[in-house]
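Enquirer: Quick one: the structure is below, and I'll ask about it shortly.
The values are calculated or read from the model by the stated rules, or taken from the named source; none is laboratory data. What you see is a predicted model, and the numbers here were worked out from it, not measured in a lab. Positions of Cβ are backbone-derived with ideal geometry, glycine not excepted, and every protein chain shown enters the neighbour counts. When the accessible area is computed, the model is the full protein with side chains, heavy atoms only, and any ligands, DNA or RNA have been set aside. Shrake-Rupley method; radii C 1.70, N 1.55, O 1.52, S 1.80 Å.
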Amino acid sequence: MNAARVVNRGAPSPVSDSSPFMSCAIMVRMRKRKRLVLVLPPLLILIAAGYFWLRPRPHAAPFLRLDVASSLHDRSVVSIHSRSGEIRWRGERRPQRSRVAGIGGAGFALAGRKSFPFSFPWRGNCAVFCFHDLRPDGESPITMELWRLRRQKTELVGRVENPEEQGYFVQKVDVSRGDRFELRWNGAGRVFIGQPLLYRVLPAAERRTIVMLAADTLRADQIDARVNDVAVAPFLTRFAGECARFDRCLSPSTWTLPSFTSLFTARNEIIHGMNAPGLLDKGQPFLVEALRDRFITVNFNGGLWLQFQSGFHRGFDIVREGGYFGEHKTVMADSLLAGTLALLERAEFPVVFLFLHTYQVHTPYRPPADLLRRLDPGHPALAAGVFPSTPPTAESSAAEQEHYFRLYQAGVSLLDREIEKFFAGLKRAGLYEGTMFMLFGDHGEAFGEHGDWEHGTSLFNEQLHVPLLLRFPGGRFAGYRADFPVSLLDLFPTLLDFLDIQPPATKLDGVSLMPALTTGWQRPEPVVSSLMNCWYDENVPPQLALSFARWKIIVTFDEASGDPGPPQAYDLQLDPRERTPLADLPPDAWRQALPIVLLHQDYLKTQRPARGKGDVDGMDPELREELKALGYL
């Protein structure tokens, strides 16, 4: 059999190439190839199209923003500053500073009826959200309504309940195929609406919430502090166990404006230059903008240095600030967090990033009597009902200084209590497990440790050292503690890294801390903190602090020339309170520090703004009153 096969392989074919049978077979093969050539390209196109439409889209946002400005906005009625978001109504004799940013919104005059049509790109449970400010000409109110147009029929879906007030319009709707909608206004007067948001309403377990809470003036040591075995912040002490905790987080500066600018830009003070009242340069990055494609973005803050007129509205859909009037804080932690919780429960945003800021523990210290009594039963303010308006002096007794510190700590206790209430509300709403929460202070507070009180006067750790607690969804990384120096500049790069969002393609001074959580990596040294221009106190000289794992170097610059004075170095392992400067500089640390010192020297010689407060009388009257209330003027 095998031999026969060999012979047959070598034998000539019984059918020749020229036979009619072979010609027919060749023609059949050619026709098949031609059909394949004709069919294959359309088939490949269909496969590619199917993949394009059916491929997973993990980052497709379940919301969109409507463009009302191009069709409704009338600049003769309302002006919106293109860079600051400031809203000004035309014709007002004494225009008040806007507390709501207007970017993306529309203002217009109303005489009868005006409408704005739109459609949802989804089916099922959806919602529309927008800010409104309705100003009727007379006693008759302006009405704002949402109408549905379905199969040639119109249906009223919802309306503003209190049309005479500012507020947020939220209306949920069940959207069917072919439904169209209209926002309608009726009456006579003037209207402003913020940029409307359309979104899907998802079950609570599927929503993603990120809360970044900035507690102005909160010192790191208050998270675990105790007074006579009474915890200052008992809830936060427990909550810290659910978090990744960075025990040596340092602020970029020791007063609010440069510190928050560094937070939002991930850049040092000499790069962003915001150390006096003004408007952030539009060329500076603002990392909230990187979140806009994935999250609805909300900014509720206490105003003053956080006012959006400084450019801090960038990237936010919803911006509302509080403020100070006399000695009354209008945005305490209770109103801030309760209002935020009410918004989350009412709006049911599918994905939302919230930046929250409160001056709760900032001066003037006015804590509730029950919390002050808990820490300091013999405090004179409990009997007299009068709180001190100025800090102690060098001549004050130790008891007076301690009483003053207890006022601050009782304010921390109030913040602690309100955060606990906020988390309880998140749990009731079914949002807690899926929420990422970040708590930090923008700078610390001095209580005489180095002869200073309050903040913005030095770069010692009582003014620089702030808490940084990161609670990840599902309790991920709970119990992690880092004892190496990090900076608030690192917070947004860390968040973007966690969310797998690319930061802007520009140089940042902050770095992501996610590798520390996953691989044991440590942040490069040193951490830079600076006080190049204490705008509200021209007697404070320019300063620079460089923090290493063991060492800290502080340089004070000459006020007139900008030249650095003799550096002071501290061994933080042996001298954590920075009491005794070292006789000799640690050589390796100084080798790394010197180029940074020279950069700051160059800044002082070439770019630093004029010292002093300048034309305070020409400042916005409301801002001037707020500065006075906080002790800056």
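Enquirer: If you go through the stretch 487-495 one residue at a time, do you hit one that is touching a residue at least 60 places away in the same chain (Cβ under 8 Å), more than 30 Å from residue 433 (Cα to Cα) and open to solvent by 10 Å² or more (accessible area, probe 1.4 Å)?
Expert: Looking through the stretch 487-495, none of the residues is touching a residue at least 60 places away in the same chain (Cβ under 8 Å), more than 30 Å from residue 433 (Cα to Cα) and open to solvent by 10 Å² or more (accessible area, probe 1.4 Å).
Enquirer: Kindly provide the set of residues from the stretch 62-90 that are more than 12 Å from residue 108 (Cα to Cα), modelled with pLDDT of 90 or more and of a type in the set (A, V, I, L, M), ordered by number.
Expert: If the condition is that a residue be more than 12 Å from residue 108 (Cα to Cα), modelled with pLDDT of 90 or more and of a type in the set (A, V, I, L, M), then 64, 66 are the ones that fit.
Enquirer: On to the next question. Helices (runs of 4 or more DSSP H) wholly in the stretch 224-283 with at least 1 residues that are open to solvent by less than 30 Å² (accessible area, probe 1.4 Å), aliphatic (A, V, I, L, M) and in contact with a Pro (Cβ under 9 Å, 6 or more places away or on another chain) - which ones?
Expert: Result: 234-239, 256-265.
Enquirer: For the list (1) over 17 Å from the mean Cα position of the chain (by Cα); (2) of a type in the set (A, V, I, L, M, F, W, C); (3) within 30 Å of residue 484 (Cβ to Cβ), I need the number of the one condition that residue 210 fails.
Expert: Result: residue 210 fails condition (1) only.
Enquirer: Looking only at residues in the stretch 173-194 that are open to solvent by 70 Å² or more (accessible area, probe 1.4 Å) and in a strand (DSSP E or B), which one is nearest to residue 85 (Cα to Cα)?
Expert: Quick first cut of the stretch 173-194, residues open to solvent by 70 Å² or more (accessible area, probe 1.4 Å) only: 174, 177, 180.
Now drop any that are not in a strand (DSSP E or B), which leaves 174, 180.
Working: 174: 33, 180: 31 Å.
So the residue we want is 180.
Enquirer: Here are the criteria: (1) closer than 29 Å to residue 311 by Cα; (2) in contact (Cβ under 8 Å) with a residue 40 or more places away in the chain. Tell me which single one residue 114 does not satisfy.
Expert: Checking residue 114 against (1) closer than 29 Å to residue 311 by Cα; (2) in contact (Cβ under 8 Å) with a residue 40 or more places away in the chain, the one that fails is (1).
Enquirer: Failed condition for residue 158, given (1) without any contact (Cβ under 8 Å) to a residue 24 or more places away in the chain; (2) in a loop (DSSP other than H, G, I, E, B); (3) surrounded by 15 or more Cβ atoms within 10 Å (Cβ to Cβ), with all others met?
Expert: Of (1) without any contact (Cβ under 8 Å) to a residue 24 or more places away in the chain; (2) in a loop (DSSP other than H, G, I, E, B); (3) surrounded by 15 or more Cβ atoms within 10 Å (Cβ to Cβ), only one is false for residue 158: (2).
Enquirer: Okay, moving on. In this structure, is residue 209 under 11 Å from residue 412 (Cα atoms) and either surrounded by fewer than 16 Cβ atoms within 10 Å (Cβ to Cβ) or modelled with pLDDT of 95 or more (or both)?
Expert: The answer is no for residue 209.
Enquirer: Is it the case that residue 170 is in contact with a Lys or Arg (Cβ under 7 Å, 6 or more places away or on another chain) and part of a strand (DSSP E or B)?
Expert: yes
Residue-by-condition table, conditions (1) in a strand (DSSP E or B); (2) among the polar types (S, T, N, Q):
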site	(1), (2)
88	yes, no
92	no, no
102	no, no
108	yes, no
112	yes, no
122	no, no
126	yes, no
129	yes, no
140	no, yes
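Enquirer: So residue 317 clears everything in (1) without any contact (Cβ under 8 Å) to a residue 60 or more places away in the chain; (2) in contact with a strand residue (DSSP E or B) (Cβ under 9 Å, 6 or more places away or on another chain); (3) more than 30 Å from residue 545 (Cβ to Cβ); (4) surrounded by 21 or more Cβ atoms within 10 Å (Cβ to Cβ) except one condition, right? Which one?
Expert: With (1) without any contact (Cβ under 8 Å) to a residue 60 or more places away in the chain; (2) in contact with a strand residue (DSSP E or B) (Cβ under 9 Å, 6 or more places away or on another chain); (3) more than 30 Å from residue 545 (Cβ to Cβ); (4) surrounded by 21 or more Cβ atoms within 10 Å (Cβ to Cβ) applied to residue 317, the lone miss is (1).
Enquirer: Please state which of the following conditions residue 91 fails to meet, knowing it meets all the rest: (1) without any contact (Cβ under 8 Å) to a residue 12 or more places away in the chain; (2) touching a helix residue (DSSP H, G or I) at 6+ places or on another chain (Cβ under 6 Å).
Expert: The failed condition is (2).
Enquirer: Let me ask something additional. If you take the residues in the stretch 369-384 that are in contact (Cβ under 8 Å) with a residue 12 or more places away in the chain and part of a loop (DSSP other than H, G, I, E, B), which one is surrounded by the fewest Cβ atoms within 10 Å (Cβ to Cβ)?
Expert: Within the stretch 369-384, the match that is surrounded by the fewest Cβ atoms within 10 Å (Cβ to Cβ) is 379.
Enquirer: I've got another one for you. Any residue in the stretch 530-542 that is open to solvent by 60 Å² or more (accessible area, probe 1.4 Å) and either at pLDDT below 85 or in a loop (DSSP other than H, G, I, E, B) (or both)?
Expert: yes
Enquirer: Go through 398, 410, 369 for me and flag whichever is over 16 Å from residue 232 (Cα atoms) and of a type in the set (A, V, I, L, M).
Expert: That would be 398, the only listed residue that is over 16 Å from residue 232 (Cα atoms) and of a type in the set (A, V, I, L, M).
Enquirer: Open to solvent by less than 10 Å² (accessible area, probe 1.4 Å), farther than 20 Å from residue 542 by Cα and among the small types (Gly, Ala, Ser): which single residue out of 482, 478 fits that description?
Expert: Answer to the selection: 482.
Enquirer: Determine, yes or no, whether residue 588 is under 30 Å from residue 276 (Cα atoms), open to solvent by 60 Å² or more (accessible area, probe 1.4 Å) and out of contact with any helix residue (DSSP H, G or I) (no Cβ under 6 Å at 6 or more places or on another chain).
Expert: no
Enquirer: Continuing with the same structure: Taking residue 291 as the residue in question, decide whether it is touching a strand residue (DSSP E or B) at 6+ places or on another chain (Cβ under 7 Å), modelled with pLDDT of 95 or more and within 24 Å of residue 508 (Cα to Cα). Can you show your working first?
Expert: On the way: touching a strand residue (DSSP E or B) at 6+ places or on another chain (Cβ under 7 Å): yes; modelled with pLDDT of 95 or more: yes; within 24 Å of residue 508 (Cα to Cα): yes.
Spelling it out, residue 291 is indeed touching a strand residue (DSSP E or B) at 6+ places or on another chain (Cβ under 7 Å), modelled with pLDDT of 95 or more and within 24 Å of residue 508 (Cα to Cα).
Enquirer: Shifting gears a bit: Does the stretch 435-467 hold any residues that are under 24 Å from the mean Cα position of the chain (by Cα) and open to solvent by 30 Å² or more (accessible area, probe 1.4 Å), and which are they?
Expert: Of everything in the stretch 435-467, just one residue is under 24 Å from the mean Cα position of the chain (by Cα) and open to solvent by 30 Å² or more (accessible area, probe 1.4 Å), namely 465.
Enquirer: What number of residues within the stretch 142-153 satisfy the criterion of being exposed (fewer than 11 other Cβ atoms within 10 Å of the Cβ) and either in contact with a strand residue (DSSP E or B) (Cβ under 8 Å, 6 or more places away or on another chain) or assigned to a strand (DSSP E or B) (or both)? Give the derivation first.
Expert: As a first pass, look at the stretch 142-153 and keep what is exposed (fewer than 11 other Cβ atoms within 10 Å of the Cβ): 151-153.
From what's left, either in contact with a strand residue (DSSP E or B) (Cβ under 8 Å, 6 or more places away or on another chain) or assigned to a strand (DSSP E or B) (or both): 153.
So the answer is 1.
Enquirer: Let me ask something else. Please enumerate the residues belonging to the stretch 414-429 that are open to solvent by less than 40 Å² (accessible area, probe 1.4 Å) and either in contact with a helix residue (DSSP H, G or I) (Cβ under 6 Å, 6 or more places away or on another chain) or not in a helix (DSSP H, G or I) (or both).
Expert: 414, 415, 416, 418, 422, 425, 429
Enquirer: Just the residues that are open to solvent by 20 Å² or more (accessible area, probe 1.4 Å) and among the aliphatic types (A, V, I, L, M), please, taken from the stretch 502-513.
Expert: Once the filter is applied, which keeps residues that are open to solvent by 20 Å² or more (accessible area, probe 1.4 Å) and among the aliphatic types (A, V, I, L, M), the stretch 502-513 yields 505, 508, 511.
Enquirer: Which number in (1) surrounded by fewer than 18 Cβ atoms within 10 Å (Cβ to Cβ); (2) not in a loop (DSSP other than H, G, I, E, B) marks the one condition that residue 387 misses?
Expert: The failed condition is (2).
Enquirer: Residue by residue through the stretch 200-214, note down the ones that are touching a Leu at 6+ places or on another chain (Cβ under 6 Å) and either assigned to a strand (DSSP E or B) or not hydrophobic (A, V, I, L, M, F, W, C) (or both).
Expert: Selection gives 209, 211, 213.
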